[in-house]
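Chemist: Before we start, here is the structure in question, set down as structure tokens.
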Amino acid sequence: MFKAILVNNNDETGYSATITELDEQALPDGDVTVDVEWSTLNYKDALALTGKGRAVRRFPMVPGIDFAGTVRDSHHPGFKPGDKVVYTGFGLGETEWGGYSGRVRVSGDRTVPLPEGLSTRDTMAIGTAGFTAMLCVLALERHGVRPGDGEVLVTGATGGVGSIAVRLLAGRGYRVVASTGKSAEEGYLRELGASEIIDRKELSTPGKPLAKERWAGAVDVAGGVTLANVCASTRYLGVITTCGLAESMDFPATVAPFILRGVTLVGIDSGFCPMPLRMEAWTALAKELDPAVLGLITREIGLGDVISMAPDVLAGTVRGRTVVRVA
Ligand SMILES: NC(=O)c1ccc[n+]([C@@H]2O[C@H](COP(=O)([O-])OP(=O)(O)OC[C@H]3O[C@@H](n4cnc5c(N)ncnc54)[C@H](OP(=O)(O)O)[C@@H]3O)[C@@H](O)[C@H]2O)c1
């Protein structure tokens, strides 16, 4: 038997998330069975736990969009018992049994061997958010942005994606401007490597189709008016990655930045990211994020704390990353 969080939605109880005991027979099909050590609490998990935003697509569901742990049993040639692994996305916790479970069964073809130099806890301190931040950085550079080109903006900078994006970009030599709604966290953002902090309100009121050119690149987690303003103030041939909707799913913009300044807007999806890019991102994360920085960014909670903390994540009041001790 092992502990898991189960989300249900039915006429009797309405939407509910509870901790329960399950046995191995409940596990879905798959060729790799893993004893989960760590998971994380992400924005999408908070939606799944609270029933907001229809993150869960079938019930009952074990939420948790990522996990790291040790292989218990494998019928996949790439993995044997005792191997340490990390798994993010591919519908985990939405359509597939997720990481808030002492044991999981998944496809070995979608499982990543633990990157060298990282512990299972480190990989979850990074988690889906940090992995997404690296996808954003790789995309900026794939589209030609280089340190020395000018300022790079990170929105939602104290959040999971934002915190790690600030650190990764600063580590690569970029001048990072961090946009945040938490002015009290200026010291934290500077410690991560931000050169300048701006109030997120500067970006969240509707502006002109084209504003003064400022950003050589941007990592945006907000969407909405903020993303429209970021596009409007991006420099000629600048690049923006869009990965989130912390402000809004809307995109009330014009084509002006794209057709008059050659700006590129790149979409980022961590969920179904192909395996070669996945491996590239994890290898780079292991190389570029030292454990001391992960300590600064991360808080640890138990599986029993996950449900009560979800509303704080949705309210945007939680700083950095939250790792969940599952074992
Ligand atoms: N595309 C993908 O594959 C992918 C992967 C991971 C996450 N995401 C998405 O990316 C977004 C951020 O994820 P996360 O894990 O970093 O979440 P998070 O840890 O909850 O951080 C979100 C941050 O956004 C900022 N924020 C909150 N409300 C805002 C608002 N109304 N307007 C502007 N900024 C606001 C806050 O930072 P400040 O107070 O510092 O502004 C908050 O800490 C979410 O929408 C998530 O669903 C997408």
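Each value in this text was obtained by applying a stated rule to the coordinates, not by laboratory testing. All values reported here derive from a predicted model rather than from experimental measurement. Note: ideal-geometry Cβ built from the backbone for every residue, glycine included; neighbour counts use all protein chains shown.
Chemist: Provide the percentage of antiparallel DSSP beta bridges, counting only those with both residues in region 55-176; round to the nearest 5.
Modeler: Details: 7 of 10 bridges.
Just about 70 percent of them are antiparallel.
Chemist: Work out from phi, with θ = phi - 60° and the Karplus expression 6.51 cos²θ - 1.76 cosθ + 1.60, the ³J(HN,Hα) of each residue of region 247-255, listed in order in whole Hz, and give x for Gly and Pro.
Modeler: 8, 6, 6, 5, 9, x, 10, 10, 7
Chemist: Still on this structure, please answer the following. Which of 182/208; 80/287; 84/201; 44/201; 52/287; 3/80 have a Cα-Cα distance over 31 Å? Please report the intermediate quantities before stating the final value.
Modeler: Working: 182/208 25 Å; 80/287 25 Å; 84/201 43 Å; 44/201 24 Å; 52/287 36 Å; 3/80 24 Å.
Table pairs above 31 Å Cα-Cα are 84/201; 52/287.
Chemist: Output the 0 to 90 degree angle, nearest 10, between the alpha-carbon long axis of helix 120-142 and the longest principal axis computed from the alpha carbons of the chain.
Modeler: 40 degrees
Chemist: Restricting to the chain, compute how many DSSP beta bridges are antiparallel as a %, nearest 5. Intermediate values should be presented prior to the final figure.
Modeler: Numbers: 32 of 59 bridges.
Antiparallel bridges make up about 55 percent of those DSSP assigns within the chain.
Chemist: State the answer as a single residue: which of 128, 92, 209 lies farthest towards the positive end of the charge dipole of the chain, with beta carbon charges of +1 for Lys and Arg and -1 for Asp and Glu, about the Cα centre.
Modeler: It is 209, whose Cα lies furthest towards the positive end.
Chemist: Using the alpha-carbon atoms, what tilt in degrees (0 to 90, nearest 10) does helix 160-171 show relative to the longest principal axis of the chain?
Modeler: 60 degrees
Chemist: Cut-off is 10 Å between beta-carbons; in what order do 279, 124, 134 appear when sorted fewest neighbours first? Show your work: numbers first, answer last.
Modeler: Numbers: 279 13, 124 32, 134 25.
With the sparsest Cβ surroundings first, the list reads 279, 134, 124.
Chemist: Still on this structure: Charges at C-beta only: +1 for Lys and Arg, -1 for Asp and Glu. How large is the resulting dipole of region 1-120 about its Cα centre, in Debye rounded to 20? Don't skip to the answer; put the middle values down first.
Modeler: Numbers: 12 positive and 17 negative charges, 61 e Å.
Around 300 debye, computed over region 1-120.
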